[in-house]
Amino acid sequence: MESREPLSVDEEVAALSRSADRDSLFMQANLLWPGKTAPLVVRVRNLSAGGMLAEAPVRGVDQGMTVEVELRNVGFVPGRVVWIGEGKF
């Protein structure tokens with residue numbers, strides 16, 4: 001087991017706040033990004049006012065890229081990819 005430094009009170013509050021404000025869910029959405037004419041269907045795993053976690057076996061989405069996500073009952077929402085890892089971004 002890996003030993004870790006204990007979190008400060010501010011770090012613990014921030015972590016709890018992030019998880020409290022994020023809704024875990026499973027829904028499909030359409031992802032549009034520059035250079036592609038057809039949307040890619042992605043699985044949305046969690047969603048908050050500050051971001052989302054999407055899953056898809058995709059190539060061509062890069063960190064820093066601007067995208068649009070079409071969410072059901074919401075419409076198109078602009079965003080920016082801040083990280084990518086193992087089919088998730």
Check your understanding: Taking the stretch 44-65, which residues are within 10 Å of the chain's Cα centre (by Cα) and surrounded by 11 or more Cβ atoms within 10 Å (Cβ to Cβ)?
Key -> VAL44, ARG45, ASN46, LEU47, SER48, GLY51, MET52, LEU53, ALA54, GLU55
**Study point:** Residues that are assigned to a strand (DSSP E or B) and small (Gly, Ala, Ser), drawn from the stretch 21-78
**Key:** SER24, ALA29, SER48, GLY51, ALA54, GLY75
Exercise for review: Kindly list, by first and then second residue, each pair from a residue in the stretch 47-67 that is small (Gly, Ala, Ser) to a residue that is open to solvent by 60 Å² or more (accessible area, probe 1.4 Å) and assigned to a strand (DSSP E or B), limited to pairs with Cβ atoms under 8 Å and residues at least 6 apart or on different chains.
Suggested key: SER48/ASP23; ALA54/ARG43; ALA54/ARG45; ALA54/LYS88; ALA56/VAL41; ALA56/ARG43; GLY64/ARG80
Study note, to complete from the structure: Scanning the stretch 24-59 residue by residue, those within 17 Å of ARG80 (Cβ to Cβ) and among the basic types (Lys, Arg) turn out to be LYS36
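Tell me, which residue of the stretch 68-81 that is under 14 Å from TRP33 (Cβ atoms) and in contact (Cβ under 8 Å) with a residue 24 or more places away in the chain is most open to solvent (accessible area, probe 1.4 Å)? Give the steps one after another, and end with the answer.
The first filter runs over the stretch 68-81 and keeps only residues under 14 Å from TRP33 (Cβ atoms), leaving 68-70, 76-81.
Now drop any that are not in contact (Cβ under 8 Å) with a residue 24 or more places away in the chain, which leaves 68-70, 76, 79.
On the way: GLU68: 80, VAL69: 13, GLU70: 66, PHE76: 104, GLY79: 33 Å².
Within the stretch 68-81, the match that is most open to solvent (accessible area, probe 1.4 Å) is PHE76.
The values are calculated or read from the model by the stated rules, or taken from the named source; none is laboratory data. Everything numeric in this text was worked out from a predicted model, so none of it was measured. Because the Cβ atoms are built from the backbone with ideal geometry, glycine has one as well, and the counts that use them run over all protein chains shown. Side chains are part of the model used for accessible areas, which takes the heavy atoms of the whole protein and leaves out ligands, DNA and RNA. Shrake-Rupley method; radii C 1.70, N 1.55, O 1.52, S 1.80 Å.
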